[in-house]
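Below: one structure, written as structure tokens.
The values are calculated or read from the model by the stated rules, or taken from the named source; none is laboratory data. Only a predicted model underlies this, so the values are computations on that prediction, with no experimental measurement involved. FYI the Cβ positions are ideal-geometry reconstructions off the backbone, even for glycines, and counts take in every protein chain you see. To get the accessible areas, we keep the full protein, side chains included, count just its heavy atoms, and leave off ligands, DNA and RNA. Shrake-Rupley method; radii C 1.70, N 1.55, O 1.52, S 1.80 Å.
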Amino acid sequence: MSSATPVPTPRLRRLPLTGVLRLGRPSDIWFKPALSVVASVAPPNLTLLALGRLDLAMYTMAGSLCALYAHNKPYAARARALLWVVLGMIAGLAVALVTASLTTNAVVLVTVGAALAAVQKGLCDAIRIGPPGNVVLAFISSASLFAPQTLGQVPAHLALATAAGAWAWLVGMAPALVRPYGPERRATAQALNAVATY
């Protein structure tokens with residue numbers, strides 16, 4: 001009697017996607033960017049609504065959305081980071097609006113949008129701005145490329161975005177009046193909790 005060696009049956013392996021698709025634990029301060037954006041968006045857009053010019057909300061939103069950034073940084077670093085975000089938003093918006101006013105050629109607009117997104121991604125990665133990174137900047141500049149525009153309207157639209165960006169900066173810095181060392185205390189508590197867990 002001869003015994004045949006058993007042939008191993010192939011096992012199906014699980015794809016390593018579970019870690020990628022698993023939702024992570026939300027940030028301890030997830031609500032702060034959300035509340036900051038509400039506080040940044042409401043006054044400019046309610047003013048436009050009262051004036052009957054809600055068609056200009058795209059430009060104020062560009063500045064107001066800068067309030068999403070730098071909530072995990074100490075206030076001195078936050079002030080600088082928010083300033084750079086506002087300046088970067090205005091610069092991207094300026095390029096987009098000028099391009100939109102000069103051409104309606106879709107190939108040119110898409111090419112400029114791709115170049116802007118690449119520059120914004122590179123700069124956000126270089127300065128490690130943190131979430132939401134270049135996503136908001138690229139979204140605003142690419143949407144602005146397809147907004148009907150004349151060259152004469154660009155300065156006023158940029159002024160609206162700049163004013164809303166300045167307001168967003170003030171909203172982002174306002175917690176310093178109540179808790180001047182809040183970010184440092186939060187970082188220290190997180191570090192201590194991590195050490196205790198380890």
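Summary of values
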read-out: Isotropically averaged projected area of the stretch 46-164, using the convex hull of Cα atoms (one quarter of hull area), nm²; value: 7.3 nm²
read-out: Semi-axis lengths, Å, the stretch 58-116, gyration tensor of Cα atoms, sqrt of 5 times eigenvalues; value: 29, 11, 8
read-out: Using a Förster distance of 22 Å, the FRET efficiency for Phe146-Ala118 (Cβ separation, nearest 0.05); value: 0.75
read-out: FRET efficiency for Arg53 and Ala76, using Cβ-Cβ distance with R0 set to 41 Å, rounded to 0.05; value: 0.65
read-out: The stretch 22-171, accessible area per residue, ligands and nucleic acids excluded (1.4 Å, Å²); value: 53 Å²
